[in-house]
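Chemist: The structure's right below; bear with me while I get my questions together.
Taken together, the values in this text are just the output of simple stated rules run on the coordinates, not laboratory data. This is a predicted model, so every value here is computed, not measured. So basically every Cβ, Gly included, is an ideal-geometry build from the backbone, and we count neighbours across all protein chains shown.
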Amino acid sequence: MSTDSPRARALGRELIGAHHWLRSELRRVTRALDEYTANTPIRPLRDLRAHCLAFCQALTDHHTSEDESAFPALAQRFPDLAPVLTELSADHHLVADILTRMTTALADLNAENLATVRGEVAGLSAILESHFQWEERRIAAALDELPSADYTAAELFGRRR
């Protein structure tokens, strides 16, 4: 398949679409945490915890797919991107550390540790926005040049539709 086809040019847009979805899910998590109070009934608390954990897993899947599929494919095709890809992978490790702390705090989400969870989410939001913007500026165009017949968006970005 030629890189002139609409499908080939779609991989960069797929990355941006995955980021938009993750951003919106993070905003939903933030809103839900903001609405949580000490008087929140048990059922909504379980729903909040489940939503937060589902988001953490989706983000982990996205970064794992990038590290295992997208970045190696880009590094092979565009060796000059190697330093950028290395830095983006380092960001993934930083994000993974935050997600580990969030997951631990979410295991016993209550009024006492709510500030900790909110702090982790705020830090995650700041890091992710910077990371996503940099990734979109630096590699979306290169993704569009990959032979799309060889890759799926789900494989490269961990987003299942």
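Chemist: Mind checking the dipole of the stretch 78-130: about its Cα centre, +1 per Lys or Arg Cβ, -1 per Asp or Glu Cβ, Debye to the nearest 20?
Modeler: Dipole magnitude for the stretch 78-130 comes out near 140 debye.
Chemist: Continuing with the same structure: Restricting things to alpha carbons, tell me how big the stretch 10-102 is in terms of Rg and Dmax, in Å.
Modeler: Computed over the Cα atoms of the stretch 10-102, radius of gyration and Dmax are 16.4, 55 Å.
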